[in-house]
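The values are calculated or read from the model by the stated rules, or taken from the named source; none is laboratory data. For clarity, every value in this text was computed on a predicted model and none was experimentally measured. All Cβ positions, even for glycine, are placed from backbone atoms using ideal geometry, and neighbour counts span all protein chains on display. Ligands, DNA and RNA are stripped out before the accessible areas are found, and what is left, the full protein with its side chains, is counted by its heavy atoms. Shrake-Rupley method; radii C 1.70, N 1.55, O 1.52, S 1.80 Å.
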Amino acid sequence: MVFGTETQVPLGEPLRSATGASHGSATNLELSSHGDENTTEYRIKAADKSGKKPISLWHDVTLVHVDPATDRPTPYLNFVCEIPKFSRKKYEIATDEVGNFIKQDEKKGVLREFKKGDIFFNYGCLPRTWEDPTFVHPDAEGCRGDNDPVDVCEIGSRIIQTGEIRPTKVLGILCMIDEGEADWKVVTIDAEDKWAPFLNDVDDVEKHLPGTLSAIREWFRTYKIPDGKPPNVFGLDEKFMDKHYALEIIKECNHAWKELITGEKERNLDNMDPEVQGLVRKLSKSNLVDLAAEDDDEAPAF
């Protein structure tokens, strides 16, 4: 696997994972389907090839991509794809289920799809991140986090399959306000994409792939209208912020994830309203790790 040269930016990597193993790439993982597709029981599960242990795509995959050939951190972040480009089934990591397998979202027993039509980029999330519903970012129009991992829009040419993990370059970020919650959208490109050497920050996207950013913003503005909901709105004057800003948001959400899985967040909920307490405790019940586990992960840089 050959990548271009990128600037290394420090980013602390978190605690030992829930299963006691961390995966810096997809090399030692395999995916399998369980249950009948197009049912609420259908799940896509990841497992360790060596021991067939189930792997949480949220907790057991490192945020920083690790080169399997050298076992060293790279300048890239791991992207877990949930919804492949040119598809519309709303797959997502089941954050409130033990194991955090991928399922198709449902509402009142009805499986959800994008009524707007197929999405035109690969959509998923960054592992080991969490948009904290107890935290209001100063640029988020007074809105709290949406209680999910940080969303990713990957704009490369490859169709990435559901559950697949890819190394990606961070380019920028958009602050969407979704029904009163901050829902950050990180723009990335696959590190092996033919455009990757030319795209290093958000301005490069507009220069080399003009119209891509505005198309992403309009997708998110209008995709709920067919459901009878109003258009979404955006913070920061609807601007896509640059790579540096995006990395700061990602670092905050990585820190929030650490507080969630160690139980620190749940232990400090007394001053929160009951709705927020319920959100955090629902996640904590399925995702708390053993606090006595040895912290054996290095703090890689990218």
Debye intensity ratio I(q)/I(0), log10, the stretch 28-117, q values 0.24, 0.26 Å⁻¹ (C-alpha model):
-1.28, -1.38
antiparallel share of DSSP beta bridges within the stretch 50-188, to nearest 5, in %, is 85 percent
What's the carbon and sulfur percent of the stretch 78-217's accessible surface, probe 1.4 angstrom, rounded to a whole number?
49 percent
Using the Cα atoms of the stretch 42-83, I'd like the radius of gyration and the largest Cα-Cα distance, Dmax, both in angstrom.
11.9, 36
Stretched out fully, how many nm does the piece from Arg112 to Glu41 gain, at 0.36 nm a residue minus the Cα gap?
24.2 nm
At what distance in nm do the modelled label points of Asp48 and Phe86 sit from each other, each positioned 7 Å from its Cα along Cα→Cβ?
3.6 nm
With a/c under 1.5 counting as rounded, go ahead and sort the stretch 57-213 into rounded, prolate or oblate using the C-alpha gyration tensor (a ≥ b ≥ c being the square roots of the eigenvalues; past the cut-off, prolate if a/b is larger than b/c, else oblate).
rounded
If I model a spin label at Glu192 and His34 as a point 7 Å from the Cα along the Cα→Cβ vector, what separation in nanometres do I get?
2.8 nm
